[in-house]
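Before any comments, here is the structure.
The values are calculated or read from the model by the stated rules, or taken from the named source; none is laboratory data. All values reported here derive from a predicted model rather than from experimental measurement. Cβ atoms come from the backbone with ideal geometry, glycine included; neighbour counts cover every protein chain shown. Just so you know, the surface numbers come from the protein's heavy atoms only, side chains and all, with ligands and any DNA or RNA stripped out. Shrake-Rupley method; radii C 1.70, N 1.55, O 1.52, S 1.80 Å.
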Amino acid sequence: MDPLVLRRPGLTALARASQCHLLAQWLRLQSGHGLGAPQLEDLQHRLQPGAGPGSLDLPRGWRLSWDRMEIRLQPPPAERRPATRPDQPEN
């Protein structure tokens, strides 16, 4: 399981207060950054069932994007690791 991905249906099945709390803890744990209460409430509203895909730029280059099934936290470009092919040795 990828720690930078949450299942959107599982999150939205929780009570609203629990959704905000889980999002706040997950963002802080994975990115080291938190969001204020108004930002969390806005995000929680944007993630509800029936709302479409979207994205949100976070502090220090982090980005949050979501589709119908997943919420994905993306690190800043400098922190992203390039994909390696199995037939290429790592340096």
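What is the one condition in (1) modelled with pLDDT of 95 or more; (2) open to solvent by 80 Å² or more (accessible area, probe 1.4 Å); (3) of a type in the set (Lys, Arg) that ARG85 does not satisfy?
Against the list (1) modelled with pLDDT of 95 or more; (2) open to solvent by 80 Å² or more (accessible area, probe 1.4 Å); (3) of a type in the set (Lys, Arg), ARG85 comes up short only on (1).
One residue is enough: does the stretch 8-16 have a residue meeting the conditions closer than 28 Å to ALA78 by Cα, in contact with a strand residue (DSSP E or B) (Cβ under 7 Å, 6 or more places away or on another chain), modelled with pLDDT under 95 and surrounded by 12 or more Cβ atoms within 10 Å (Cβ to Cβ)?
Within the stretch 8-16, not a single residue is closer than 28 Å to ALA78 by Cα, in contact with a strand residue (DSSP E or B) (Cβ under 7 Å, 6 or more places away or on another chain), modelled with pLDDT under 95 and surrounded by 12 or more Cβ atoms within 10 Å (Cβ to Cβ).
Restricting to the stretch 47-56, name every residue that is open to solvent by 80 Å² or more (accessible area, probe 1.4 Å) and at pLDDT below 95.
PRO49, GLY50
Among the residues of the stretch 21-32 satisfying the criterion of being at negative phi and open to solvent by 30 Å² or more (accessible area, probe 1.4 Å), which is nearest to the chain's Cα centre (by Cα)?
GLN30
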